[in-house]
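To start, the structure under review is shown below, and the notes come after it.
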Amino acid sequence: MSGVVLLLVSFSSHVVMAPPPNAPCRKCCDHMSPAEGSGDHPTMGEFSHVPEIRTYINMTILKGDKGDRGDRGTPGKVGHEGPPGPQGVSGSRGSKGQMGPQGDPCKLQYSAFSVARRKSLHSDDAYQAVIFDTVFVNLDNSFDMFQGKFLCRVAGVYFFNVNIHTWNFKETYLHIMQNDMERAIVYAQPSDRSIMQSQSMMLELQPGDAVWTRLFKRDRENAIYSDDVDVYITFNGYLIKPSGN
């Protein structure tokens, strides 16, 4: 009987005490803290709830002194021009400036004449220049009263006008001449009534050119009328624009 009991105890002790394969060996008192003053290190379970400690560095304390200013860089490319802005407010009126120096006087060129004839004129067998006996205007004596011709001294464009009075029952035929060239005609057929006739034109002249009037040679009698009281026959001309201006 006692042999049986010993067998069971021995078997039971063998089953309980056998450790599992590859398991670390532990003591039955491992869960207990080491005795105070024993010198053993505490188990890690006691520090499982210790707070995490992180290092913080104050950068303002580590900021150094301001360095020297660097060299200026190269300018960048010019950007696109923007749209024009609104017009600004008008500024106050400035003070009057000082008078400038006197300029050179402009050199103006003039040429003009206006003459008349107070006597009637009849044609003969040849061409007959109309000679005038009354002067209204003759700048620089450019009109030769003895020849009845305007002599150009200033090159340019001129305006000319001639007025005549016809004679009853007589033909009137008059030319405006430039040198020896016929430029315009004043004509009136014979009539029982006398009338005023006029002709105007512009000519471009050079110094030395002559402009004058003449009666044309005709088979029939050719005449212009005037008297000592009234002025019926006039010849006028003036410079419109000098050449080169």
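Structure values in brief
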read-out: Percent of C-alpha pairs per 10 Å bin, region 171-240, short to long; value: 16, 46, 29, 8, 0
read-out: For region 62-103 versus region 174-208, the gap between their alpha-carbon centres in whole angstrom; value: 71 Å
read-out: Radius of gyration, Dmax [region 62-138; alpha carbons; angstrom]; value: 40.7, 130
read-out: Set K96/K241; K149/K241; K217/K241 screened for pairs whose C-alpha atoms are more than 26 Å apart; value: K96/K241; K217/K241
read-out: For D209, residues with placed amide H under 5 Å, excluding near neighbours; value: C152
read-out: Accessible area per residue in Å² at 1.4 Å probe, computed on region 119-245; value: 54 Å²
read-out: Rounded to whole Hz, the Karplus (6.51, -1.76, 1.60) HN-Hα couplings of region 81-93, x for glycine and proline; value: 5, x, x, x, x, x, 5, x, 6, 4, x, 6, 5
read-out: Amide H contacts of I233 (H built 1.01 Å from N, under 5 Å, at least 5 apart or other chain); value: R117
read-out: For region 86-245, alpha-carbon Rg and Dmax in angstrom; value: 23.2, 84
read-out: Tail weight of P(r) past 13 Å, computed on alpha-carbon pairs of region 105-162, percent; value: 67 percent
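The values are calculated or read from the model by the stated rules, or taken from the named source; none is laboratory data. Computed from a prediction, not measured in an experiment: that's the story for all the values here. The area values use the complete protein model at the heavy-atom level, side chains included, leaving out ligands, DNA and RNA. Shrake-Rupley method; radii C 1.70, N 1.55, O 1.52, S 1.80 Å.
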